[in-house]
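Working notes for the structure below.
The values are calculated or read from the model by the stated rules, or taken from the named source; none is laboratory data. All of these numbers come straight from a predicted model, not from anything done at the bench. Glycine also receives a Cβ, built like all others from the backbone with ideal geometry; neighbour counts cover every protein chain displayed. Heavy atoms of the whole protein, side chains included, go into the accessibility calculation; ligands, DNA and RNA do not. Shrake-Rupley method; radii C 1.70, N 1.55, O 1.52, S 1.80 Å.
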Amino acid sequence: CLPTPCTLVDHTVIIGFGPGGRRIAKFLSKGKKPLALIELNERNIEEEDYNIAQVFIGNAKDDGVLNRAAIEAAKQVIITVPEAAVAEAITIKIRKLNHNANIVVRTKYAQEAEELHRLGANHVVPEEISVADTITASMTG
């Protein structure tokens, strides 16, 4: 599905297919949720990924890549890229193309959340908070 436009509607688009994006995709695919993946580095894509999603290789800051992934018809967009500035730029583009999508963004620091919300993200997941929550939840006694 590389140069071909996405055929999905009301789908989830995952941008960034490192370990976090991969885990999210596997979870969503179990529920037979329609998925599209956008990944800059083709080496991060495995053959089996094409079985669970329509895959697009390219930069999510590029309107052409977003259009091929049918971002305007997406129900939800999950941005897992590690760089805050890149996540911000992608969030701006997506919100312009799709006013209704639920946009979830991963970020490293809680202090980045306010700006991402201002730019159009519905939910921001700061790593430093989720790590603390996970460690706290694993403590006993």
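Just a few scattered comments:
- Flag if K61 is at pLDDT 95 or above, part of a loop (DSSP other than H, G, I, E, B) and of a type in the set (K, R): yes
- Scanning the range 56-70 for residues that are crowded, with 24+ Cβ neighbours inside 10 Å and over 11 Å from the mean Cα position of the chain (by Cα) turns up F56, L66, A69.
- Against the criterion of being β-branched (V, I, T) and farther than 26 Å from E115 by Cβ, T12 does not qualify.
- When the range 79-111 is limited to residues that are open to solvent by 30 Å² or more (accessible area, probe 1.4 Å) and in contact (Cβ under 8 Å) with a residue 40 or more places away in the chain, the one that is farthest from the chain's Cα centre (by Cα) turns out to be P82.
- Of all the criteria given as (1) over 22 Å from R22 (Cβ atoms); (2) open to solvent by 50 Å² or more (accessible area, probe 1.4 Å), the one not satisfied by V125 is (1).
- For E46, the conditions (1) in a loop (DSSP other than H, G, I, E, B); (2) open to solvent by less than 50 Å² (accessible area, probe 1.4 Å) all hold with the exception of (2).
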